[in-house]
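What follows is a short report on a single structure.
The values are calculated or read from the model by the stated rules, or taken from the named source; none is laboratory data. Owing to the predicted nature of the structure, the values given are computational and were not obtained by experimental measurement. As a convention, Cβ positions derive from the backbone with ideal geometry for all residues, glycine included, and neighbour counts pool all protein chains shown. Ligands, DNA and RNA are stripped out before the accessible areas are found, and what is left, the full protein with its side chains, is counted by its heavy atoms. Shrake-Rupley method; radii C 1.70, N 1.55, O 1.52, S 1.80 Å.
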Amino acid sequence: MRIPMTDLRAQYSSLKEEIDSAIGRVIESGRFILGPEVESFETEMAAFCRAKFAIGVGSGTDALVLALKAGGVAPGDEVITTPFSFIATAMSIIHCGALPVFVDIDPTTYNIDPRQIEARISAKTKAIVPAHLFGQAADMESIMDIARDYKLKVIEDAAQALSAEYNGQKVGSIGDAGCLSFFPAKNLGAFGDGGMVITNNPQIADTVKMLRNHGSKISYYHVLPGFNSRLDAMQAAILRVKLRHLENWSSLRRQKAALYSDLLGQVEGIETPNVSGRNTISANYYTVRLLNHGPDRGELRSYLASKGIETNIYYPLSLHLQEAFRHLGYHPGDFPHSELAQQQVISFPIYPEIRDEDIAEVVDCVKEFSQHNSRGVLSKAN
Ligand SMILES: *Cc1c(COP(=O)(O)O)cnc(C)c1O
């Protein structure tokens, strides 16, 4: 038996006819870059996120760069963000010529800890970029309060959290702008790269629209230094088909995550995800912590791999310790919660089509291994 982290073919086969006909429609139309298909998708996404504007761009990473620039982040500015995320969260800040300033995470949610933000604000601080990791929103109320007090922009990295809600609001629609990714393995995945900026701010929307298209509104008249970062019509057409299933898929993912947590709850040495009462998660990853007296992560991964079960580590190295950011001058020990998380987390297979039996099988293998291979204090089974 094989249980992959995600199974994109299962999703395609359930929608094959609709997707193939959408692709055919685009080929027949001869419109491949932007155009009516992208505009329709943007309208539908804005409605889905309950935001005024949605602008399709080339990737989630580009969405971050363009939103930061549209929000006024410029060379020499500082931007506060989390050290525990995918690299793009901080790399996008570097690409604006600004400096990422890291703030440690809240170990219960893996998201930036708002209680530590104020101490890192300086005269150069321009924005805060929270990432809603594993599909759970950061503590947006506290973050928005700080942003209001210090007049900072908030650009949400919602790449993992499309369809998640915080206090009843869709993530990405709470800050000044929200950034989405349509990387194939995300909750709403294209057949290639794609991304989107959502915002309620007409000026940010207008600027992102120009930035994605060489800084122009009218062809061959350029008003600012922009990029070539457009969503193509084929991806938009595919995503429009999938968007109709997104709420259902997210609810299936939440059920699968809840089943994992139920079954794993009894296993000694494993900490299942903590979901705050304000959050409805998108459950794009299912990530647990192996506590110090629990099973060794590398050995557990090898054991599960031998049983055909894929696992992954999101993320094995905190951003402040990445070689690409060495010039920022951070050191091991600077962000203890992020560094502990990088050592302890492991993610298990989750996707809407995964069978409950597969989850039970993963958990049985984890239990089997943990009973015989826990470190430190004896496990309860002994
Ligand atoms: C996937 C992801 C991105 C980048 O999205 P791409 O579309 O791959 O460029 C950014 N931030 C986070 C947290 C992500 O998970």
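Sorting 155-162, 273-280 by their mean Cβ neighbour count within 10 Å, with the most densely packed peptide first, gives 155-162, 273-280.
Using the Cβ atoms and a cut-off under 10 Å, what net charge is assigned to the surroundings of Y286, where Lys and Arg are +1 and Asp and Glu are -1? Please list the in-between numbers first.
Values: positive: R253, K256; negative: none.
With Lys, Arg at +1 and Asp, Glu at -1, the net is +2.
Once the Kirkwood radius over Cα pairs is known for the chain, the Stokes-Einstein relation at 4 °C and 1.567 mPa s delivers a diffusion coefficient of 60 µm²/s. Roughly how many whole Å is it from the C-alpha centroid of segment 77-139 to that of segment 319-341? Rounded to whole Å, the Cα centres lie 13 Å apart.
Per residue, the accessible area of segment 40-120 comes to 31 Å², computed with a 1.4 Å probe over protein heavy atoms only. Over all other residues within a Cβ to Cβ distance under 12 Å of K124, the charged ones net out to 0, with Lys and Arg as +1 and Asp and Glu as -1. For segment 65-185, a simple Cβ point-charge model (Lys and Arg +1, Asp and Glu -1, everything else neutral) yields a dipole of about 380 debye relative to the Cα centre.
Along the charge dipole of the chain, which of N279, L291, M1 sits closest to the positive end, that is, farthest toward it, with unit charges on the beta carbon of Lys, Arg, Asp and Glu (+1, +1, -1, -1)? Comparing the listed Cα positions along the dipole, N279 ranks first.
Summing charges over all other residues whose Cβ lies under 14 Å from the Cβ of E310, with Lys and Arg as +1 and Asp and Glu as -1, gives 0.
Here the Gaussian network model covers the chain, with springs between Cα atoms less than 10 Å apart; of L68, L133, L321, L321 fluctuates the most.
Here's the list of lysines a cross-link from K307 could span, going by alpha-carbon distance under 22 Å and ignoring same-chain residues fewer than 8 apart: K256, K367. Could you give log10 I(q)/I(0) at q = 0.12 Å⁻¹ for segment 1-94, computed by the Debye formula over C-alpha point scatterers of equal weight, without solvent? Here the Debye-derived log intensity ratios amount to -0.65. Working from Cα positions, state the angle (0 to 90°, nearest 10) between the long axis of helix 60-70 and the longest principal axis of the chain. The two axes meet at around 50 degrees. For the chain, with all protein chains in place and a probe radius of 1.4 Å, 51% of the accessible heavy-atom surface sits on carbon or sulfur. Using Cα centres only, tell me the gap between segment 229-288 and segment 16-34 in whole Å. When both Cα centres are located, 28 Å separates them.
Converting phi to 3J(HN,Hα) with the Karplus coefficients 6.51, -1.76 and 1.60 and the offset θ = phi - 60°, segment 99-116 yields 10, x, 10, 7, 10, 4, 8, 7, x, 7, 10, 6, 9, 3, 8, x, 5, 9 Hz in sequence order, with x at every glycine or proline. All Cα-Cα distances of segment 60-199, cut into 10 Å bins from zero to the largest, leave 14, 48, 33, 5, 0 percent in each bin in turn.
Would you mind computing Rg(Cα) / (2.2 N^0.38 Å) for segment 7-61, counting N as its residues? Could the numbers behind the result be given before it?
Working: Rg = 13.4 Å, N = 55, 2.2 N^0.38 = 10.1 Å.
Cα-based Rg divided by the globular estimate yields 1.33.
For I3, the amide hydrogen comes within under 5 Å of the amide hydrogens of I309, E310, counting only partners 5 or more places away or on other chains and with H modelled in the peptide plane. The loop-placed trypsin sites (Lys or Arg not before Pro) in segment 120-221, going by DSSP, that have at most 14 neighbouring Cβ atoms within 10 Å of their Cβ come out as K124, K151. Using only the alpha-carbon atoms, how far is helix 233-243 inclined from the longest principal axis of the chain? Give it as 0 to 90 degrees, nearest 10. Helix 233-243 sits roughly 50 degrees off the main axis of the chain.
What the Cα convex hull of segment 217-285 gives, in volume per residue, is 194 Å³.
Only beta bridges with both residues in the chain are counted; by DSSP, about 65 percent of them are antiparallel.
Taking all Cα pairs closer than 8 Å and separated by 6 or more residues, the relative contact order of the chain comes to 21 percent.
Could you grab the Rg to Rh ratio for segment 246-381? Cα atoms only, Kirkwood for Rh.
1.00
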